[in-house]
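Reviewing the structure listed below.
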Amino acid sequence: MQHALKEAHKAIHSGEVPIGAVLVDADGNIVASAHNLTETTCDPTAHAEILAIRMRCDAVGAPRLPDHDLYVTLEPCAMCAAAIAAARIRRVYFGAYDPKGGGVDHGPRIFTQPTINHKPDVYGGIDEAACAAPLQEFFKLRRP
């Protein structure tokens with residue numbers, strides 16, 4: 001999670017919402033890392049999770065990553081949760097919970113839907129306070 005936090009801090013310097021993600025292979029190696037780039041790229045799908053998944057799928061030449069784990073600093077939104085399911089990610093570890101925009105433990109709870117094609121193991125609240133801090137600071141400065 002510390003590497004995902006480093007990615008989140010990179011996002012702050014770019015004016016992006018500070019969310020970072022890393023993908024780890026079956027041997028425990030970090031094989032992709034990203035942070036949000038929605039503002040920089042003018043792309044609403046450029047969330048950290050999606051970017052990391054795209055990078056790794058491109059590198060391995062396959063649309064599925066069944067032996068990979070994803071670490072992300074914030075509970076994935078519904079879009080990212082659907083991408084995680086489509087990529088067949090094995091496990092998801094996330095830091096801060098997102099009661100407003102989350103799609104895993106909150107909102108649509110994508111992985112509990114009967115039509116979902118894959119349900120990863122999910123572990124929330126990993127380094128929760130450390131992951132929530134940059135988000136709280138970011139929004140405090142922008143929403144007085």
field: Where labels lie 7 Å past Cα in the beta-carbon direction, separation of ARG54 and MET79 in nm
entry: 1.0 nm
message: Give me a comma-separated list of calculated 3J(HN,Hα) values for segment 116-131, in order, Karplus coefficients 6.51, -1.76, 1.60 applied at θ = phi - 60°, integers in Hz, x for any Gly or Pro.
response: 6, 7, 7, 10, x, 6, 10, 10, x, x, 6, 6, 3, 5, 5, 6
- line: Carbon plus sulfur, as percent of the 1.4 Å-probe accessible area of the chain, comes to 53 percent
message: Taking 35 Å as R0, compute the FRET efficiency from the Cβ-Cβ separation of ILE116 and HIS13 and round it to 0.05.
response: 0.50
- request: Return the sequence-ordered ³J(HN,Hα) values of segment 55-71 in whole Hz as given by the Karplus equation 6.51 cos²θ - 1.76 cosθ + 1.60 applied to θ = phi - 60°, using x for Gly and Pro.
  value: 4, 6, 4, 5, 5, 8, x, 8, x, 10, 10, x, 10, 10, 10, 10, 10
statement: Quick calc, ARG64 & LYS100: beta-carbon distance into FRET formula, R0 30 Å, rounding 0.05, result 0.50
message: Amide H of ALA32 versus every other amide H placed in the peptide plane: which residues, excluding those fewer than 5 positions away on the same chain, fall under 5 Å?
response: LEU23
task: Specify whether the C-alpha gyration tensor of segment 51-104 places it in the rounded, prolate or oblate class, a ≥ b ≥ c being the square roots of the eigenvalues: rounded for a/c under 1.5, otherwise prolate if a/b is larger than b/c and oblate if not.
output: prolate
- prompt: Counting only protein chains, not ligands or nucleic acids, how are ARG142, ARG56 ordered by accessible area (probe 1.4 Å), most first?
  reply: ARG142, ARG56
- prompt: Between rounded, prolate and oblate, where does segment 10-78 land on the alpha carbon gyration tensor, with a ≥ b ≥ c its root eigenvalues, rounded for a/c under 1.5, else prolate if a/b exceeds b/c?
  reply: prolate
- request: Residues in segment 59-100, backbone N under 18 Å from the label point at THR40 (7 Å along the Cα-to-beta-carbon vector): list them, ranges by number please.
  value: 72-74
query: Restricting attention to segment 57-135, which trypsin sites (Lys or Arg not before Pro) occupy a DSSP loop and are surrounded by at most 12 other Cβ atoms within 10 Å?
result: LYS100
message: Could you work out [θ]222 nm for the chain from helices alone, using -39500 (n - 2.57) per DSSP H run of at least four and dividing by all its residues? Round to the nearest 500 deg cm²/dmol.
response: -11500 deg cm²/dmol
field: Accessible area (Å², per residue) of the chain, counting only protein heavy atoms and a probe of 1.4 Å
entry: 50 Å²
- request: Report, ordered by chain and residue number, the lysines lying within cross-link reach of LYS10, taken as a straight Cα distance under 29 Å and ignoring same-chain residues fewer than 8 apart.
  value: LYS100, LYS140
- line: Applied in sequence order to segment 85-101, the curve 6.51 cos²θ - 1.76 cosθ + 1.60 (Karplus, θ = phi - 60°) yields integer Hz couplings, x standing for Gly and Pro, of 5, 5, 7, 6, 4, 6, 9, 10, 10, 10, x, 7, 7, 10, x, 8, x
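The values are calculated or read from the model by the stated rules, or taken from the named source; none is laboratory data. Here the structure is a predicted model, which means the values were calculated and not measured. Positions of Cβ are backbone-derived with ideal geometry, glycine not excepted, and every protein chain shown enters the neighbour counts. Surface accessibility is based on the protein's heavy atoms, side chains included, excluding ligands, DNA and RNA. Shrake-Rupley method; radii C 1.70, N 1.55, O 1.52, S 1.80 Å.
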